[in-house]
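Reading through the structure tokens given below for one structure.
Just so it is clear, none of the values below were taken in a lab; they were calculated from the coordinates. Every value quoted in this text rests on a predicted model; they were computed, and no experiment measured them. Because the Cβ atoms are built from the backbone with ideal geometry, glycine has one as well, and the counts that use them run over all protein chains shown.
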Amino acid sequence: MDSQGNDPLTPRRSRGRPRDWNDKTSQNTIKSLDRAMEVFEYLSEGQGKALTTISSEMGQSPATVYRILVTLEGRGLVEFDPSEQIWHIGSQAFVIGARFLRRTSLVERARPILRKLMEQTGETANLGVEKEGAVLFLSQVETFATIRAFFPPGTLSPMHSSGIGKALLAQMDAGRLARIFADQERTAFTAFTITEAPQLEADLSDIRMRGYSIDNEERNLGMRCIAAPVFDVNAEAVAGISVSGPTSRVSQQDVERLSASVRQAAGALSVAIGGHRTA
């Protein structure tokens, strides 16, 4: 026994998990909860859906879907519009999402840096991270200009056609990059989208050399984005900062000027989270 009365020969139980937490079999899955989360996630991808539409598209009975929606409604996670007879994601979903963002200081520390970047460049400033082979946008400070890029927090975007995505891809080791290339379908959104691996690898090599990436109308025609990576204490790229706007304001001649501001902002955020500023 130790000083606290614990037997050192007895395996210590992990706090927060039951004894058999390593067991991943179906006995540890609550099927009704799993089904409810499927409905919740499906509704979040395309809000404003009628009950019959949800049940039909998901292949679930209307009665089952209705019980799930009413349960989620009781928690504020979904809302029902009686005039239109359609369901939407509720405000509590945002509250929970905001709690996730507060889990790390990244978003909090990025806000003043993003705001300064927007004021310096006159264009929308964005913060994003890699999530399961895609870019997850965490924060944005919009420009006051009438024509602007819009990536609300929670938006997912393919990495190969995103400024932040390519900035992060360029910092990955060869093995991880190969896995993402193998797993992800590279859709051609415009005539400028780089979809072939050799051309994308060459672009990533250029990005590593100059320290910033360019989405040159690769996701949306008429829109250009410049991004740079954010590094943590281990010198690993954990996020990306970008500015994005219409090509009429973000011209090829503006890239060098804007990229300096973007790299400076990414370096400032790296330092703010205890990481290393890029050269």
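For Rg/Rh (Cα atoms, Kirkwood Rh), which listed value, (1) 1.14; (2) 1.05; (3) 0.96, comes from the coordinates shown?
Calculated Rg/Rh (Cα atoms, Kirkwood Rh): the matching label is (2).
With springs only between Cα atoms under 10 Å apart, run a GNM on the chain and tell me which of R179, R249, R219 wobbles the most.
Maximum among the listed residues: R179.
In whole Hz and in residue order, list the ³J(HN,Hα) couplings for segment 90-96 that follow from phi through the Karplus curve 6.51 cos²θ - 1.76 cosθ + 1.60, θ = phi - 60°; x for Gly and Pro.
Each residue's phi maps through the Karplus curve to give x, 5, 5, 5, 5, 4, 5 Hz.
Between E108 and D206, what is the label-point separation in nm under the 7 Å Cα-to-beta-carbon projection?
Between D206 and E108, the label points sit 4.0 nm apart.
To make sure I understand, if each residue's beta carbon is the centre and we count other beta carbons within 10 Å, what order do H276, H160 fall in, fewest to most? Let's see the in-between values first.
Values: H276 14, H160 28.
Listed from fewest to most nearby Cβ atoms, that is H276, H160.
Which aspartates and glutamates, if any, have their Cα less than 14 Å from the Cα of K49, not counting same-chain residues under 8 positions apart?
K49 reaches E41, E57, E79, D81, E84.
Taking 0.36 nm per residue of sequence separation and subtracting the Cα-Cα distance, how much length would be gained by fully extending the chain between A260 and E84, in nm to one decimal?
58.5 nm
Report ³J(HN,Hα) in whole Hz for each residue of segment 56-61, in order, from the Karplus equation J = 6.51 cos²θ - 1.76 cosθ + 1.60 where θ = phi - 60°; Gly and Pro get x.
Here the 3J(HN,Hα) series is 5, 5, 8, x, 10, 5 Hz.
Run lengths n ≥ 4 of DSSP H only: what is the helix-derived mean residue ellipticity at 222 nm for the chain, with -39500 (n - 2.57) per run over all residues, to the nearest 500?
Details: 9 runs with 113 residues, N = 279.
Mean residue ellipticity, 222 nm, calculated: -12500 deg cm²/dmol.
What's the magnitude of the charge dipole for the chain around its Cα centre, counting Lys and Arg as +1 and Asp and Glu as -1 at the beta-carbon? Answer in Debye, nearest 20.
About 840 debye.
When the label point is put 7 Å from the Cα of R35 along its Cα-to-beta-carbon vector, which residues of segment 59-82 have a backbone N closer than 20 Å?
59-75, 77-78
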